Amino acid sequence: MRYLPLSDGDRAEMLAKVGAKSIDDLFVDVPQEARLSGLVEGLPTHASEMAVEKHMRALSKKNLAAADAPFFLGAGAYRHHVPASVDHIIQRGEFLTAYTPYQPEIAQGTLQMLFEFQSQVARLYGCAVANASMYDGSTACWEAVAMASRIARGKKKKVVLSGALHPHYAEVVRTMAKFTEDEIAGAPPSLTPRPDDDGLIARIDEETSCVVVQYPDILGRIPDLKRIAEAAHDKGALLIAVNTEPVALGAIEAPGNLGADIVVGEGQSIGVGLQFGGPYLGLFAVKDEKHVRMMPGRLCGETVDAEGKRGYVLTLSTREQHIRREKATSNICTNSGLCALAFSVHMTLLGEKGLRALAAENHRLACIAADRLSAVPGVTLLNAHFFNEFTLKVGRDARALVRDLVEKGILAGVSLGRLYPDSEGLDDALLVAVTETTSEEDIDALCGALKEALK
């Protein structure tokens, strides 16, 4: 259907139908002081399509794009190569739709894809069951906390957060906990070569419903999940493992295999791309099938019809948005369908061997970068171990350093002072991420720029 602007006659007919004399009558409930008194200063009233395109191109040239510079940003959003075949496949007519399968009988292709996606996530996380995706990693983290509270039947209200949990994830948990009266026990990040597992375990008590640990953590370190799981289970608490870099699970053990009860994370690294910060893809899985009905979101299942033919159904829709909202376990009523499809296509193209090879290449390049960067005078490597992300102490304010290096055409990393503006002792810490898209020439360029900036 073509887009046709309303005519004056169309407007008059609609106003008459609703009983209004003018367009202004439709805004009588908006306070006068909240309305614009005239045109927005500096904003043109109209422009041609060509003029707008030219203006937007000029604005875009002010950006330093990820593909146009040595790129070392991470902290929960990672630049990986997404094969062109992924974009081609997700744009096929069978898949390219924003439609949510409320009526499964007319969405068999979508449901089959989600079933495959769930199987891949469950395998990746070492869990029994995964759902059909959440909106992003941070909200999936909160949903896991809420699920743990449901399993505890509200008898335990203490949530222990690792100090090395991504601060944005922790902030989402704190925001949502205001409405559930869960007690959030956080801690500041510790700038130590290894995670403070002892300190975390010491904060677990009989009132704890769950313990939330990032794996690898925000500084790139790898906590001892098995030990933390045992400590949590001894107190009757659940362990929630958060993973922001799924490629890491091609090299390190799956959280579910180490005792995590709920595993959540961000799936952006596989198939989705940076996309200026979204939309992204929340992953959610549980280790034990007995907890399936406590899960948020939706779950697709495989069955057979009356003729014995294979078919796919929406097995669980935990919001019960159609009939029983008061019994809902979550207010999420859909899933990130297109991003889940991109994840599943990329994961299928990689296969297990491909994922392991990709992880190995990430780690190899990260080791090269850590060795060369820590050899720069004034730079110290913090981590005792890491996957593809690590923390450097640079001896000066890292936020200013990052800005200086942008001027030299290098996106050097993320300042921990920026992530933790209220914490002391983090100003000179720089979080550096290295993926398969990083070349050794990029690493050398960062080393040279650091030497110059730290003189």
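Computed from the Kirkwood radius of its Cα pairs, the Stokes-Einstein diffusion coefficient for the stretch 84-346 at 4 °C and 1.567 mPa s stands at 69 µm²/s.
Convex hull volume of the Cα atoms of the stretch 1-54, normalised per residue: 152 Å³.
Computed across the stretch 27-181, the Kirkwood hydrodynamic radius from all distinct Cα-Cα pairs reaches 21.7 Å.
Per-peptide packing, taken as the mean over residues of other Cβ atoms within 10 Å, places 401-408, 337-344 in the sequence 337-344, 401-408 from highest down.
Using the 1.4 Å probe convention, the accessible area of the chain works out to 51 Å² per residue with neighbouring protein chains retained. Take the Cβ atoms of residue 68 and residue 452, set R0 to 25 Å, and the FRET efficiency comes out at 0.75. Within the set [x] 1.02; [y] 0.97; [z] 1.16, the number that Rg/Rh (Cα atoms, Kirkwood Rh) takes when calculated for this structure is listed as [x]. Set against the 2.2 N^0.38 Å expectation for a compact globular protein, the stretch 140-218 has a Cα radius of gyration ratio of 1.05.
Determine the sum of side-chain charges near residue 382: Lys and Arg each +1, Asp and Glu each -1, restricted to other residues whose C-beta is under 11 angstrom from that of residue 382. Neighbourhood net charge equals +2.
Given their separation in residues at 0.36 nm each and the Cα-Cα distance between them, residue 198 and residue 35 gain 53.1 nm when the chain is fully extended. Ligands, DNA and RNA left out, the 1.4 Å accessible surface of the chain is 54% carbon and sulfur atoms. Of all beta bridges that DSSP places with both ends in the chain, some 60 percent have antiparallel geometry. Any lysines with Cα under 19 Å of the residue 54 Cα? List them, leaving off those in the same chain fewer than 8 positions away. Excluding near neighbours in sequence, the set is 62.
Each Lys or Arg adds one and each Asp or Glu takes one away; over the other residues whose Cβ falls under 15 Å from the Cβ of residue 199, this sums to -2. Separation of the stretch 213-261 and the stretch 24-45, taken as the distance between their Cα centroids, equals 52 angstrom. Could you tell me which of the pairs 178/287; 156/226; 158/290; 61/353 are separated by over 32 angstrom between their Cα atoms in the structure shown? Violating the 32 Å limit, Cα to Cα: 61/353.
A helix-only calculation puts the chain at -11000 deg cm²/dmol for mean residue ellipticity at 222 nm, using -39500 (n - 2.57) for each DSSP H run of at least four residues, averaged over all residues. With contacts taken as Cα pairs under 8 Å and at least 6 residues apart, the stretch 84-346 reaches a relative contact order of 27 percent. The modelled label-to-label distance for the pair residue 441/residue 372, using points 7 Å beyond Cα in the direction of Cβ, is 1.2 nm.
Where nothing but the Cβ of Lys and Arg (+1) and of Asp and Glu (-1) is charged, how large is the charge dipole of the stretch 171-314 around its Cα centre, in debye to the nearest 20? It works out to roughly 400 debye.
The values are calculated or read from the model by the stated rules, or taken from the named source; none is laboratory data. Because the structure is a prediction, the values reported are computed rather than measured. Virtual Cβ from ideal backbone geometry, glycine too; neighbours counted across all protein chains shown. Surface accessibility is based on the protein's heavy atoms, side chains included, excluding ligands, DNA and RNA. Shrake-Rupley method; radii C 1.70, N 1.55, O 1.52, S 1.80 Å.
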